Amino acid sequence: MNTNRLSESICKALNDQMTKEAHASQIYLSYASWLNAQGYEGVANFLFRHANEERNHMMKFLEYILERGSTVKISAIPDPGENPTSVYDAFQKAFKQEVDNSESIYEIVKQSFDESDWATWNFLQWFVKEQTEEETLIINMLDKMKIAGGDKVSDQSLYSIDRDLMSTPDEADLAREKTVEEP
Ligand code: OFO
């Protein structure tokens, strides 16, 4: 009896996404290491924590594929690429990375819808919400830096941003989660 509950195309898309999550983790590790070496311990810390989150996302895909009786394929992770050139550049690159990742997840959501694979569609809703949260978090960081001068942000402002990021929560509040009782 065939116990594989994923179509070949969905299984491939989920495996590819699993590798993308691992790649995202490597990207954040590389940015965090570079920023730490430049003396931005707070920003680096924030990105090290984020690298762990991406690794957890990778594991979520892996576990789901196994749960559905299908086959996990561990592939090589592409090189994380160039180091950023500044804190501002690191967040701009991180934002692009998150938007690309969201697009990639939306593609599988669409695919699961087209194939009427409701279990996968439902599984992916967690990631749709997570991506909105991550994009919001980075947009908030970029806004702060833009106000402080964008690419020309002063050392003084970078010092405060770095100190704030040491203790910034890893999750953003989403407006749609607010209620009248808990604004
Ligand atoms: Fe950036 O979050 Fe994974 O999916």
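The values are calculated or read from the model by the stated rules, or taken from the named source; none is laboratory data. No experiment lies behind these values; they were computed from the predicted model shown. Cβ sites come from the backbone with ideal geometry, for glycine too, and all protein chains shown count toward neighbours. These accessible areas exclude ligands, DNA and RNA; they are computed on the full protein's heavy atoms, side chains included. Shrake-Rupley method; radii C 1.70, N 1.55, O 1.52, S 1.80 Å.
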Exercise. Only Lys, Arg, Asp and Glu count, each charged at its Cβ (+1, +1, -1, -1), so figure out the dipole size of the chain about its Cα centre, rounded to 20 debye.
Key: 260
Self-check item: Cross-link pairs beyond the 20 Å C-alpha cut-off, checked among K60/K93; K12/K73; K20/K96
Solution: K60/K93
Practice problem: Could you pull out the longest piece of the chain with no exposed loop GluC sites (Glu not before Pro) in it, calling a site exposed if DSSP puts it outside H, G, I, E, B and it has at most 11 other Cβ atoms within 10 Å? | Solution: 83-180
Quiz item: What does the accessible area of M18 come to, in Å² to the nearest 10, when a probe of 1.4 Å is used?
Solution: 10
Practice problem: Would you work out what percent of the accessible area of the chain, with all protein chains in place, is carbon or sulfur (probe 1.4 Å)? | Solution: 52
Quiz item: Counting other Cβ atoms within 10 Å of each Cβ, which chymotrypsin sites (Phe, Trp or Tyr not before Pro) in segment 40-116 have at most 11 and sit in a DSSP loop?
Solution: none
Exercise. State in Å² the accessible area per residue of the chain; use a 1.4 Å probe, count heavy atoms of protein chains only, and round to the nearest integer.
Key: 57
Quiz prompt | Accessible area of S116 in the full protein assembly, 1.4 Å probe (Å², nearest 10) | solution = 70
Quiz item: Got a sec? Charge dipole of the chain, +1 on Cβ for Lys and Arg, -1 for Asp and Glu; which of L124, Y88, I77 is way out at the positive end?
Solution: I77
Quiz item: Hey, what's the Kirkwood Rh for the chain if you take every pair of different alpha carbons, in angstrom?
Solution: 17.7
Quiz item: At a Förster distance of 22 Å, what's the computed FRET efficiency of S9 paired with V128, Cβ-Cβ distance as r, to 0.05?
Solution: 0.65
